[in-house]
Structures are given as C-alpha cells and as structure tokens.
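See structure below.
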There are 2 protein chains.
Amino acid sequence: MAELEARKRGRGAGGGAARRAERSAVSVETARYIERNIPNFEVLNAEALEVIEHNAETILEEIGVNFVNNPAALDRWREAGADVHGERVRMPRGLARSLCATAPSTFTQHARNPERNVEIGGKSLVLAPVYGPPFVHDLDKGRRYATIADFRNFVKLGYMSKWLHHSGGTVCEPTDVAVNKRHLDMLLAHMQLSDKPFMGSVTEPSRARDSVEMCEILFGKDFVHENTVMTSLININSPLTFDDVMMGALEVYAEAGQACIVSPFIVGGAMAPVSVAGTLTQVLAEVLAGVGYSQLVRKGAPVIFGAFVTSIDMNSGAPTFGTPEASLITYGAGQLARRMGLPYRSAGAFNGSKLPDAQAAYESANSLNMGLLSGVNFMLHACGWLEGGLVSSYEKFVMDADQLGGLHHLARGIAMDANAQAMDAIREVGPGGHYLGCAHTQANFKSAFWRTDLLDYKPYETWAEEGARDTIALANARVRRQLDTYQQPMLDPAIAEALNAYVAQKKASMPDSFT
Amino acid sequence: MAELEARKRGRGAGGGAARRAERSAVSVETARYIERNIPNFEVLNAEALEVIEHNAETILEEIGVNFVNNPAALDRWREAGADVHGERVRMPRGLARSLCATAPSTFTQHARNPERNVEIGGKSLVLAPVYGPPFVHDLDKGRRYATIADFRNFVKLGYMSKWLHHSGGTVCEPTDVAVNKRHLDMLLAHMQLSDKPFMGSVTEPSRARDSVEMCEILFGKDFVHENTVMTSLININSPLTFDDVMMGALEVYAEAGQACIVSPFIVGGAMAPVSVAGTLTQVLAEVLAGVGYSQLVRKGAPVIFGAFVTSIDMNSGAPTFGTPEASLITYGAGQLARRMGLPYRSAGAFNGSKLPDAQAAYESANSLNMGLLSGVNFMLHACGWLEGGLVSSYEKFVMDADQLGGLHHLARGIAMDANAQAMDAIREVGPGGHYLGCAHTQANFKSAFWRTDLLDYKPYETWAEEGARDTIALANARVRRQLDTYQQPMLDPAIAEALNAYVAQKKASMPDSFT
C-alpha cells in the first residue's frame, strides 16, 4: 500500500508542550504524490485499441500534420524519413511511434525541497492546480481580472494544500504585469513562496530560456543540466497543427532535458470529431507527432502524453465539462498512453459554472474521479478551476483541494492484512453490539477514514446556530485563514537575492509590452 | 451498445404542426433502464475475495446471527441444518451460500405501464429516488416535516424525470398521516400519480400484506401471483441481527413472489469494523444469512444483494457520505454480489450537507459515479437525498435527476463502427480546420453528447443579465415548472376507484396510531 508520508516540519520534543506547539503550528504538511494501489478503469478492448492505433497511423501517413513557421522542424522531420510538402509533414506508418520509444516511461521532477520531488509516470498521480485563467473570483469581491497579487495568493494556497503535490504554472494570468515580463514574476513567486515543483513559461521560446536560467540560479547550473526541474505545458493547436511558439518552447525545454506535456487541446465537435472514437484517434495522432518531434530534438527528453478534452454544447457553442463523453475519452486515452509507455496527463476539476456551486462541484467531481481511475499521472487543474477555465476561484481552490484528499484514500485500495480483516473485532462485538468502543476501532480510527478539512458534518441545529453556512462560506473562511497564517518556506538568502536581481535586470532590459 | 429508448407518448402526425406540438407537449419521456456497455471496476483480487468469503463463512459458523422474536425463522433454520441456540443461528460452512443459489440472478419488475418494466440484475442499472426522510427542504420554505402533499409532489417529480426508471417507495415520510395508515396513502400515490414501478411497505408484516392486496387491485390477482410487481427494502440491523418486523415483511413478500432488497445498513465504525475488508466481510455474512433465509421461505423468491454503507466521522460521530472508504466498500461488495450471481443494490446521491450546495454535489457525484462503475443493478436514493438522509430536497431531486443522464451516456461505452471512427471527417477537416460545419458533425451532433436540462452553459454576460442564478435557483425554477405542468398518467377509472375504496375501508377499520 502506498504510504501517505505526511511530513510536518515540526518543532521537536515530546509531551504536552510539543502537542500544544503542534496544534498552534502552521500546517505545511504535504502528502506524498499518489501511488495507486487500485487498477485502472479501461473501456476499450484490444480490438478497439488496434483500430484506433491503426487509424492514427493512417492520419499521419495520409493526412499529415502541419508544423507552422518552423523550417528547422521540417528539416528534422525530413531527415527522420518523413514526407514534407510545404508545412505539411506525412510520416510512414510506425515512424512516429518508433521515435516515441526513446522517451522515458517515468521521470523525477525535482523540487528545491527534495521532500517535494515527484515521480511522474507508472502508478503515480501528481496533482497540480488550475492553469491559465485571466480572471479570479471570490465571495468578497466577485469576478475581476487577475493580478500578480492574486497569483501570489494562489501560490501560497497551493503551498499550504496538504493534498497538492505541485505548485503548477500560470495559476492565474497576472494581467497587471506586462505580457513580456509576467513569466519572470510568476516564476519568482513559485520559487520563493513555495518549495513544491513548478512549471516553466511557454509563451515564447525566449521565456522558456529565461525559465531555465532562473532554475539554474535556484538549483545550480549542473543540477539543472542533469535533472528535470520543470514540467511545462505544450498545447497542440488541434486539429493536427503545431505552431512555432509552442514548438519553440518545447525545443528549448527538450534540449535542456526539461519535461513537457504534449497536449492536444480539444473541444470535441470543434477541434475534433463529435465521436469519442474519432477524438481518441486524432488525439493519438497528435501526441505521436508531438512526442515524436520532442525525441527528434533530443532523444530521451522527458515528455507526457497529454489530453485536454471537453465537449461542446451544440445548442450554444459553449464548451462543457464533467460530461460523460469527456470521461470516456479520458479513460480511453489513458489506455493509449500506457501502450506507448508514456506518462499521462489529463482531467482536472473541470466545470462550466460561474460560481463554486453545485454545478461546479458535480462536474468537478465527475472529472476528478474519472482522472484517478483513468490512470492519469499528472493532473493539471486539479483545484481552483471555474467557468470553463476563465476564472481561478479562491473558494473553489480550497474546496477542490480538500476533495483531492479523497482521491489519495481511494487510491490506497483495500488492505487485506489481519488487522484489516478485523475478525477479532467482529467476534468481540457480536450480533447486536456496536463497534464504537471496541479495541480494533480504538486502534485504527485515526487513520481509517479520510476526513475533510472543510466540509460540514455537524448536526443541523449546531450548523444553523453557527450561521447556516454553505460550502462557499466555509471555503471563504478557510481561504482567509490560510492566507493569514501563511509562512514563507526558507530559501538561501543569496539565492533569493540572485533571483530578484535576475528578474530586475531582465525587466530593465526591455520595454513593457501588453500584446 | 445499449439503446436509449426514449419513448414519448406523443401526438402523431408529421410536419410543422407536429413539431410545434412536440415542443409544447409535456415531456413524459423516460429513458430505458441502463444496460452497461462498460466493464465493472474491480478493486479486490482473487485472493482477497477468497479471504473475505472464507471469513464470512467463519462468522456464520462460529459467531452466528440473531433472528429476534421469530420462532418460525428459528424452526426454518433448524430444519435446514443450522445450529440454533436461543435466538442465535450458526450455520455450517457453505449452508447459507448453497441456499442462496436458488435466488434468480435477474428478474423483471413489472410496472402498470409495461413500457416502464425494469430488468434487475446482469448488466442493468435501475435508478430509484430517495427513500425515507422525515423532512423536506426547498428554497422557498426551508426545512420542515414532510407531509403527504410533499410525498405526492416527489412522486410527480419522479414520474417526470427522464432518467429515473422507478418511482421508489418512501420518497419522504408523510408525517401528517397516522403511522399505521401512511403506507396506504403512499402506495395510492405511486399507483395513481405515476406509471413507473414502485416499492411496497415494510414497516409491519400486515402493511406488506396490504401492499400485495393493493397490487392485486392494480395489476389483477393472477398477474401478481405470477409476476414481480414490487421491490421492497429489507434492512438488516447490523451487526448480524435480523429483527421480526423486517423479517416479517420479507416473509410476506417472498411468499408472494415479490422482490426484496436484503440490505445491511452500515455506518462504518459503528455497525461494522472501521476497516474496509472487515466491513465487506460482515456485509457478506449478513447478506448470505438474509438471502439464504428468503430462500427458506420460498425457493426462487427474487432478492437483491444490498449494501448501504457510509462511514462515521470519528470526531463528531456523524455519518459521512461520498467518502473514499464507502466507495471501496461499494466496489468490493459488487464483486461479492456477482460471485453469488445476485443482483446488487448500493450507492445513491449520498451526502451530508444541509443544503444542495457544493458539498452536496461533490459527495453525491462521488457516490453516483462509484455506483455506476461498481456494477450496481438497483440504485435507491439516486436523487433527492440531503443531510445524511434526513431530508428530501426538492431542488436536489431535479439536480441529481439531471446528473443521472450522464450515467446513461457513460454506460454506453465507446462505439467503434465506421461512423464513430470518423476518419472521413478527419480527412475532410484536415490540419487547422474545424469540425463545426462538417458533414459528420451535422449528421451526429444531436445524439453525440449528453446535454443537461438544468445546468448553465451560457456566457458570463448572459448569465449575469438573467439574474446570476446559482444551481439551486435554476433547480427551484425547474421544480416549479415540472409541478405546474404535471399531468396524471391514464389509469382505468374502475381500478382507480377500487384502490380508493380499499384505502378508505382500511383506514376506517382501525384508529389512528402515531407510534
């Protein structure tokens, strides 16, 4: 069974004083990444998998993919044996898959605190927060454009979330900072306000290089040269298009041995066929081409099979989330990723709601459960996502983050040792008794059941007396408590200063740009 | 693939008039019960299953179960070869399991409208509403004791729910009707206000007999003699206790060939050990004894392997819902039920929240998804459950009922025919195009994706202009619309009159009792 390694950076010593200290200490426990002790849920049989894999090769062979504004990429493909006409790249059957074979099936992403290192691939599941929203929302001030102050708050909340293993990347877009300088402030926040692993910038190849350089300051040049310290998100312009900005960032990261998620970005019915099987086929073709390309840049570069999939509401054209078709695609794509021997990224606390209400929670829970059972190894957007990804919600961040604890416990599976079999307890209690006071219960109750840190289990009368608060109100209070008690993790002052200097110098070197 | 047989009792004729009629007609579409085209999720390996089955036999052999105040049951067990001391029944290994072998693996529960008949067992999943709450809640009037008027409203909402196959039983407790007469009004409502299948009374053996007699009026005596027309809920007093009231009702139903769910009622840590494996072992022992007993009453009586499982919050003693431990138990119990060849009842829209808010939705979605994937055949409490089962919520009823549509679509699995493979569409659109207008999309979009009838997919600005309604507000409007447009399904007036007369005569034959 995967052990939940709770690590409290505690004050030492035993006895009552230590217990009091423990109670008053700020919790910076972080659970170890999930190691599944349950099987994956698989919806495609062997024949269906072969049909999809065959069709994906047909797409690559007969239709091909476009590498846009990227002559070097076209050269690489030509040398590898592909048929290149203009920007269209067609590949002989099997070429892309054989290129993908050099990508590692698991890799370690290092954090500056080695206790926060994560293994990506195999049976592991690493949880990272929401990525990309231009807006934030909270109960106090409603919906508004995100700022760098919001960004820092979300990094702090992520650092303090017990069930979140990763600090993420663009937890919201700091729209008050120039577009060409945002990445610097974002990376600085991840590096200084948290000690969990993080993601690099992908909005320009030069910003990817800045990300690598800042990591060299944080980790040391040699360490970055030899280890993976960032996992970054490379979206494919589905259908079948690889643009130069994203590919440029991928090239920087692959050359530096840094990890990329190669991820079709699909709203089904718009960027892919309306059918599940058709979407899976296109996703596979795109990942084969994208991951194959990463290995042309550098053999052995760590990459993740990504699949960001939603469906479209054909009445309104709006993207929809937490839907059954998206679940089926996510289950199926997991099978395809495992057959390629690649780590798998998908799912998240997806929803289309404007508020962290029941709609948000139904859709998010559908998606989170499906993510765990489909064998996802890296789950971006695992908390905080609202309104189809337009909004980072403060309250929903802590609501989702609490639910992630449930995924940890579900992944443990069922222990079958003598203590778990509990035959002595059943004998002791017998017909008509109860288990509340029995020896087995006393010995096991603390660790037996997952317990929320947020939701309400109180009797109705108590709950009513305390203000009849709904989940949003409870979450609002928790957000405030977390931000009020946040304490920055220690960082060598010389490194902190060098990072500040790097950012200041970079910012001074170019005029602000807001496009 | 399981066909979704939507049956609209439509007005006939084609053309524009028919389409207008269709738009203005009251929707009484009901989807056919789910036939899974996806596998079950299984968490126990063969060795674990054998350990649990071995231990369950050990419980029955060495600890035994109590049949309370029921000399006839003790006689039946003695004759079958059990060791009976006082009220304790101990069974030689294998006895209970061999008795269970005569129970059918699937059966049909008939509805008065044959189109609403349900198959229970195998790959089917039948969805029924919340059962048992003494309170109701809505946005307009808050939380209050349930009345027969509320009961009738919930039967109407169930009748109008497209994704609900079953009218259920005690959709709420009509506390304004005498305890000894409630069952008559409840059955009358199910029989007259809906044409979906329903459940019988279990609160006294005499009330079970009344239920059978009312069914004889509704369906005809011969039909009831030869067919199953009720599925009723027999709870076991866990741990290991079978009381005379529930067993008395089971005896009436089994003798009449009517179906029973034999269901341990477990709050883990109180009525069963705090461990998942221990709870599964006790559940199995209890079901073996209860189902075995049903077959002693009448060989071949239809029964369902039930498992109502929640855990307890060890800090407050409150039951908790939608938790990972309950999910693991539900997955495991499904495997045990299938190895016995019995239909399986578990899961529901469980939650502990006081309001139909995010907590309610997270917990319910966790439980609904787990119910589908664990192979449940009969899901009671599939919609409307609130506050740990103390409350039937109007708004949550339609919220959950909408989510049940997602389960239908998920259960379809992945079609792999040429149309689903969509290779022509991928060719037609090519790199950089979009699928919105392509032929494949036009041909398939209406049926491709599940679509909510409740939740909000609108752009933020439109949603804000329309009042920025949360899910509760949307659900409140839907409840009102449903109740305003409800139309009673046709019933032979002579039968309706005979049912009224039966109820009037029964009520007149005894004084009111409120205990």
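Placing +1 on each Lys and Arg Cβ and -1 on each Asp and Glu Cβ, with no other charges, gives the range A:364-515 a dipole about its Cα centre of roughly 240 debye. This ranking places B:E35, B:E47, B:E395 by how few other beta-carbon atoms lie within 10 Å of each, fewest first, which gives B:E47, B:E35, B:E395. Relative contact order, whole percent, for chain B stands at 18, derived from Cα pairs under 8 Å and 6 or more residues apart.
For the residues of A:407-419, the average number of beta carbons from a partner chain within 10 Å of their own beta carbon is 5.
In terms of its C-alpha gyration tensor, the range B:368-515 comes out prolate, because a/c is 1.5 or above and the ratio a/b outweighs b/c.
Shown here: the protein assembly as shown, whose C-alpha atoms stretch 95, 82, 51 Å along the first, second and third principal axes, sorted largest to smallest. Extent along the principal axes, Cα only, for the range A:178-221: 25, 21, 13 Å, with the longest axis given first. Ranked from shortest, the separations from the 7 Å Cα-to-Cβ label point of B:E204 to its equivalents in the other copies are 8.2 nm. Each of A:E115, B:E286 has some number of other Cβ atoms within 10 Å of its Cβ, and from fewest to most they run A:E115, B:E286. Sorting the segments A:102-111, A:419-428 by their residues' average number of neighbouring beta-carbon atoms within 10 angstrom, most packed first, yields A:419-428, A:102-111.
Along the charge dipole of the range A:386-433, which of A:G433, A:G389, A:A401 sits closest to the positive end, that is, farthest toward it, with unit charges on the beta carbon of Lys, Arg, Asp and Glu (+1, +1, -1, -1)? Of A:G433, A:G389, A:A401, it is A:G433. Fully extending the segment from B:D492 to B:T106 would add 135.9 nm, taking 0.36 nm per residue of separation and subtracting the current Cα-Cα distance. What is the distance in Å between the Cα centroid of the range B:443-515 and that of the range B:137-170? Their Cα centres are 7 Å away from one another. With runs of 4+ DSSP H residues as the only contributors, calculate the mean residue ellipticity of the protein assembly as shown at 222 nm using -39,500 (n - 2.57) per run, divided by the residue total and rounded to the nearest 500. Rounded to the nearest 500, it is -13500 deg cm²/dmol.
What translational D, rounded to a whole number of µm²/s, comes out for chain A from Stokes-Einstein when the hydrodynamic radius is the Kirkwood one over Cα pairs, at 10 °C and 1.306 mPa s? Translational D for this selection: 66 µm²/s. Per residue and in Å³, how big is the convex hull formed by the alpha-carbon atoms of the range B:157-287? Per-residue hull volume (Cα only) is 132 Å³. Would you grab the residues whose amide H sits under 5 Å from the one on B:I304? Only those 5+ places off in sequence or on another chain, please, with H modelled 1.01 Å from N. Under 5 Å from the amide H of B:I304: B:C260, B:I261, B:V262. Taken over the Cα atoms of the range B:220-275, the convex hull encloses 75 Å³ per residue.
Label the range A:104-154 by shape, choosing from rounded, prolate and oblate, from the square roots a ≥ b ≥ c of the eigenvalues of the Cα gyration tensor; if a/c is under 1.5 it is rounded, and otherwise prolate applies when a/b is larger than b/c, oblate when it is not. Because a/c hits 1.5 or more and a/b exceeds b/c, the range A:104-154 counts as prolate.
Here r is the Cβ-Cβ distance between B:D83 and B:E255 and R0 is 35 Å; the resulting FRET efficiency, rounded to 0.05, is 0.85.
Evaluated with a Cβ-only charge set (Lys, Arg +1; Asp, Glu -1), the protein assembly as shown carries a dipole of roughly 500 debye about its Cα centre, given to the nearest 20. Under 5 Å from the amide H of B:A349 lie the amide H atoms of B:A382, B:C383, B:W385, each residue being 5 or more positions distant or on a separate chain, with H modelled from the backbone and absent for Pro and chain starts. Per-residue shielding of A:37-49, expressed as the average number of other chain Cβ atoms within 10 Å of the residue Cβ, stands at 3. When the listed pairs A:K396/A:K458; A:K396/A:K507; A:K221/A:K506; B:K354/B:K446; B:K196/B:K396; A:K141/A:K196 are checked against a 27 Å cut-off, the alpha-carbon distance exceeds it for A:K396/A:K507; B:K354/B:K446; A:K141/A:K196.
Cβ crowding within 10 Å, taken as a proxy for footprinting-reagent exposure, orders A:K507, A:K299 from fewest neighbours to most as A:K299, A:K507. The same position B:N500 in the other copies lies at 8.5 nm from this copy, comparing label points 7 Å beyond Cα toward the beta-carbon, shortest first. Given label points at 7 Å from Cα along Cα→Cβ, what nm distances, shortest first, separate A:A178 from the same residue in every other copy? The answer, with the shortest distance listed first, is 8.5 nm.
Take A:82-92, B:310-320 and order them by the average number of nearby Cβ atoms within 10 Å per residue, most first; the result is B:310-320, A:82-92.
Values quoted throughout were computed directly from the atomic coordinates according to the rules given, and no laboratory measurement underlies them. In this text the structure is predicted, and so the values were computed from the model without any measurement. FYI the Cβ positions are ideal-geometry reconstructions off the backbone, even for glycines, and counts take in every protein chain you see.
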